[in-house]
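Engineer: Questions regarding the structure given below will be posed in turn.
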Amino acid sequence: MSITSLLLVILLGTVAAYFLGDARSRQVAKPIGGVRHLAALPSYYASMVSLWALIPGLAVVLFWSIFDGPIIESLVRGVLPIETKNLPPEQFGLVMSQIHNIVAGVGSIEQIGLEYQPAVQRLQSLEKVSSAWMPILTIIVLVLGCLMGLAAVTAKRNARYSVERIFNITLFVCSSIAIFTTLGIILSVLFESLRFFEKVPFFDFVFGTHWSPQIAIRADQTGASGSFGVIPLIAGTLLISFIALLIAVPIGLMSAIYLSEYASTRVRNIVKPALEVLAGVPTVVYGFFAALTVAPSIRHWGDAARDWGAANDIAWLAGLSVSSESALAAGIVMGIMIIPFVSSLSDDVINAVPQSLRNGSFGLGATQSETIRKVIFPAALPGIVGGVLLAASRAIGETMIVVMAAGLAANLTINPLEAVTTVTVQIVTLLVGDQEFDSAKTLAAFALGLFLFVITLALNVIALRVVKKYREQYD
Amino acid sequence: MNTAQKTNPEAAVEIPGKYQTVGHPLLDDPKMTVRSTSVFYAEKQAIFDVDLDIGKNEVISMIGPSGCGKSTFLRCLNRMNDTIDICRVEGDLRLDDEDIYSKKIDVVELRARVGMVFQKPNPFPKSIYENVAYGARIHGLTDNKVQLDELVEKSLVRCGLWNEVKDRLEEPATGLSGGQQQRLCIARAIAVGPEVILMDEPCSALDPIATATVEELIHELSENFTIAIVTHSMQQAARVSQRTAYFHLGKLIEVNETSQVFTNPEHKLTEEYITGRIG
Ligand SMILES: Nc1ncnc2c1ncn2[C@@H]1O[C@H](COP(=O)(O)OP(=O)(O)O)[C@@H](O)[C@H]1O
Ligand SMILES: [Mg+2]
């Protein structure tokens, strides 16, 4: 019986337990004068019984699937020839997987040697036992749980509390899954990075100004020793993020001010959702917009300016060169992408400034723009800064637009018309395609990931702190 | 004095839009005059055809049950109602015989002449000094730092706050106690040099001791300013004001000398309110 159909059986059993519990509680209620004399409603008893059936059933399946493999393996190991047992782990693993293959019907025993015959037979019989007993045991446990649950249906027992507690535990487990997953990702990135720093010194990575992660694969290759200086990537990331913020902060802020202070309710109800649609456009769409529309037109205007400069003898203009992929194009489009972050967060904090402050200012004879500049903006500033920092961390982590529009060349430059590359883009290029998983090149991706994570985490922490401090001010 | 007396006050109140205020709503030499003034929030009428004069250097208090339109009426006097989208004011309102709703008037200048203090102290999240200097800065009342310092000091002294805050002018105003904050807001209003000060329940968020200080301050300010104060407390009205106006469901029912309103009200509704049967 496959896991899927077993889960289906468990589900059916749970539903059956629910109805049994419901019926049982009504039965209990009858002699004592009806449902209102029970400590809880029948639906609670029903839920309780179904949970009593569901949880042990699921637990059996879960533990069986986890421990089934290792236990069978250790039993099979017992009948292997002694010299096989002493093989190094990789070769031993190979043998084991060959045995598994044969049991599954791939290949034949003659290919690996008859001395493995007992192991194959052992594995075969164990797997048969396992797959026969798992469903049987599961169903037994399910039925037992259901019966115990039914026995627990008494007038005095308050099933509401049991259900409440189980609900509580379920929620707790779900939230811990999220936390532990994050923790797991961080730890794995951290350990892979440590492996990277065994191959490439930490300071070479952090302070190196040259990035070219090509490594000689064959000994006779030349000119590709690989260098892993992260500075050009950081510079590229910061350059693009800076351009993006240069676009997003003024536009986002001003539209927030317009929406919260000037716009009529009708306009606001149309414009605010429209702005937020910008946040819903998939980044890959922004990406090809940047690569196919914005970058070529920047190049086009750049060339036009150069020709005009050449015709009019303006030396610096005549020497202008615009690459077809540029930091400017990626930055502009990324800026448009993060406008809604800035505007909607700023809008929230501006709205949170109490109306009484506006009244106070108007009451002293201030105009609307004076009130905004001198009272509302300073009062909302910490919150706005928080919003901008969140937008910045979004910009730094953004990948798709830069992959498509900013190029791959790791130039260390502050000229926005040149191609640059960013941390995220390099992570992508390091990992796409076939890679060995322990070369410095692939491990570098983890180090970059860690670097990026630390930067955005720091930005987020600062942003949240600032926003929180601001909130406290008016509570 | 133009006295609007009438024979059957209750009957008059029952006819919507057509009633007469009892007592002495009008004066000979007023600072502000309000004539046939009605206020609407969208379709809903909040003030009905009010006639009232506010005298020079007098303190007039507005009393009445919650929602009767006291705040709405007060906000007409410096056009704070303009900041509420759905609010519409009809009628003729004058300050020193100048129509404050005419196209020619500059609202900003009007609000500098008719200052306002609100129910909840609302200091700006700036330093104490900057709060008081705010109005002077936006209206360009001083030419240099020395004059500004002087103005700030003078305003704080007048509000009896100077000794309490002179060593901490650069600290945030939000750190002051409620009563100090409210006096700061009054200092902020008088720093602009208004002629009239509107106060909307200025003590309702304060404890009794802070209330006493603010009342004393109002009393002192009445020497130089015209003050219109909305209050929920009849004792307060009795303590600080010369005249009292009683509002009921958006109508101005009675205006008389404060002592008369509280001892011998002319109108039945006023009497019911005073004796605690309405409100
Ligand atoms: N901003 C507003 N929008 C709509 N209706 C309002 C607004 N402010 C006050 N009102 C209405 O106008 C009436 C008078 O309110 P208000 O002047 O605040 O009364 P008071 O200050 O005497 O308690 C009330 O019925 C109130 O619901
Ligand atoms: Mg009010």
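Engineer: Multiply the residue separation of A:Gln355 and A:Trp308 by 0.36 nm, subtract the distance between their alpha-carbon atoms, and state the gained length in nm to one decimal.
Structural biologist: Full-extension gain reported as 11.5 nm.
Engineer: What is the magnitude of the charge dipole of segment A:3-157 about its Cα centre, with +1 placed on the Cβ of each Lys and Arg, -1 on the Cβ of each Asp and Glu, and no other charges, expressed in debye to the nearest 20?
Structural biologist: So the dipole magnitude of segment A:3-157 works out to roughly 1220 debye.
Engineer: Something else now. With every protein chain left in place and a probe of 1.4 Å, what is the accessible surface of A:Asp348, to the nearest 10 Å²?
Structural biologist: 80 Å²
Engineer: Any idea how far the Cα center of segment A:18-34 sits from the one of segment B:234-252, in Å?
Structural biologist: Taking the Cα centre of each part, segment A:18-34 and segment B:234-252 sit 67 Å apart.
Engineer: Kindly rank A:49-61, B:21-33, A:91-103 from highest to lowest mean number of other beta carbons found within 10 Å of each residue.
Structural biologist: Final packing ranking: A:49-61, B:21-33, A:91-103.
Engineer: Could you work out the helix-only [θ] at 222 nm for the protein assembly as shown, with each DSSP H run of four or more residues adding -39,500 (n - 2.57) and the total divided by the number of residues, to the nearest 500 deg cm²/dmol?
Structural biologist: Mean residue ellipticity, 222 nm, calculated: -19000 deg cm²/dmol.
Engineer: Using only the Cα atoms of segment B:154-279, build the gyration tensor, take square roots of its eigenvalues as a ≥ b ≥ c, and label the shape rounded, prolate or oblate: rounded if a/c is under 1.5, else prolate if a/b is larger than b/c, else oblate.
Structural biologist: Note, shape of segment B:154-279 comes out prolate.
Engineer: Once you charge only the Cβ atoms, +1 for Lys and Arg and -1 for Asp and Glu, what is the size of the charge dipole of segment A:211-474 about its Cα centre, to the nearest 20 debye?
Structural biologist: Taking the Cα centre of segment A:211-474 as origin, the dipole is about 980 debye.
Engineer: Moving on. Partner chain Cβ atoms within 10 Å, averaged over the residues of A:348-355 - can you pull that number for me?
Structural biologist: Partner-chain Cβ atoms within 10 Å, mean over residues of A:348-355: 1.
Engineer: Check which residues have an amide H placed less than 5 Å from B:Met199's amide H, if you skip close sequence neighbours.
Structural biologist: Close amide H contacts, sequence-distant or interchain: B:Val117, B:Ala228, B:Ile229, B:Val230.
Engineer: Rounded, prolate or oblate for chain A? Axes are the square roots of the Cα gyration tensor eigenvalues, ordered a ≥ b ≥ c, and the cut-off for rounded is a/c under 1.5.
Structural biologist: The shape class here is oblate.
Engineer: Any chance you could check the Cα centroid distance between segment A:77-142 and segment B:185-216 for me, in angstrom?
Structural biologist: Cα centres, segment A:77-142 to segment B:185-216: 89 Å.
Engineer: Going down the list A:Lys468/B:Lys166; B:Lys126/B:Lys154; B:Lys70/B:Lys154; B:Lys44/B:Lys120, which pairs span over 23 Å between their C-alpha atoms?
Structural biologist: A:Lys468/B:Lys166; B:Lys70/B:Lys154; B:Lys44/B:Lys120
Engineer: A further question on this structure: Just read off the accessible area of B:Cys185 with the full protein assembly in place, 1.4 Å probe, to the nearest 10 Å².
Structural biologist: For B:Cys185, the solvent-accessible surface is approximately 10 Å².
Engineer: Along the charge dipole of the protein assembly as shown, pointing to its positive end and built from +1/-1 on Cβ of Lys, Arg, Asp and Glu, which listed residue (A:Tyr262, A:Phe191, A:Phe205) has its Cα farthest out?
Structural biologist: Sorting the options by dipole projection puts first A:Phe191.
Engineer: Further question: Go through A:123-130, A:39-46 and give me the packing order, highest mean Cβ count within 10 Å leading.
Structural biologist: Packing order, densest peptide first, comes out as A:39-46, A:123-130.
Engineer: Pull up the cross-link candidates among the lysines for B:Lys103, meaning alpha carbon to alpha carbon under 21 Å and not fewer than 8 places away within one chain.
Structural biologist: B:Lys31
Engineer: Okay, next question. With a 1.4 Å probe and all protein chains in place, put A:Arg26, A:Arg299 in order of accessible area, largest first.
Structural biologist: A:Arg26, A:Arg299
Engineer: Work from the charge dipole of chain A (Cβ charges, +1 for Lys and Arg, -1 for Asp and Glu, about the Cα centre) and give the residue of A:Pro273, A:Leu147, A:Gly331 farthest towards its positive end.
Structural biologist: Sorting the options by dipole projection puts first A:Leu147.
Engineer: Taking Cα centroids, how far is segment B:146-174 from segment B:20-51 in Å?
Structural biologist: Distance between centres, Cα-based: 37 Å.
Engineer: Same structure again: If ligands, DNA and RNA are left out, what is the accessible area of A:Ser2 with a 1.4 Å probe, given in Å² to the nearest 10?
Structural biologist: Its accessible surface works out to 60 Å², give or take rounding.
Engineer: What does the structure give for B:133-140 when I average, per residue, the other chain Cβ atoms found within 10 Å of the residue Cβ?
Structural biologist: Taking the mean over all residues of the peptide, I get 4.
Engineer: Picking from A:Ala159, B:Val261, A:Gly93, whose Cα lies most toward the positive end of the charge dipole for the protein assembly as shown (charges on Cβ: Lys, Arg +1; Asp, Glu -1)?
Structural biologist: Going by the charge dipole, the pick is A:Ala159.
Engineer: Hey, got the dipole for chain A? About the Cα centre, +1 on K and R Cβ, -1 on D and E Cβ, debye to the nearest 20?
Structural biologist: Rounded to the nearest 20 debye, it is 2380 debye.
Engineer: For segment A:3-157, what is Rg from Cα atoms divided by 2.2 N^0.38 Å, rounded to two decimals?
Structural biologist: That ratio works out to 1.58.
The values are calculated or read from the model by the stated rules, or taken from the named source; none is laboratory data. As the structure is a computational prediction, the values presented were derived from the model and not from experiment. Quick reminder, even Gly has a Cβ in these numbers, built from the backbone with ideal geometry, and neighbours come from all protein chains shown. All accessible areas refer to the heavy atoms of the entire protein, side chains included, with ligands and DNA or RNA removed. Shrake-Rupley method; radii C 1.70, N 1.55, O 1.52, S 1.80 Å.
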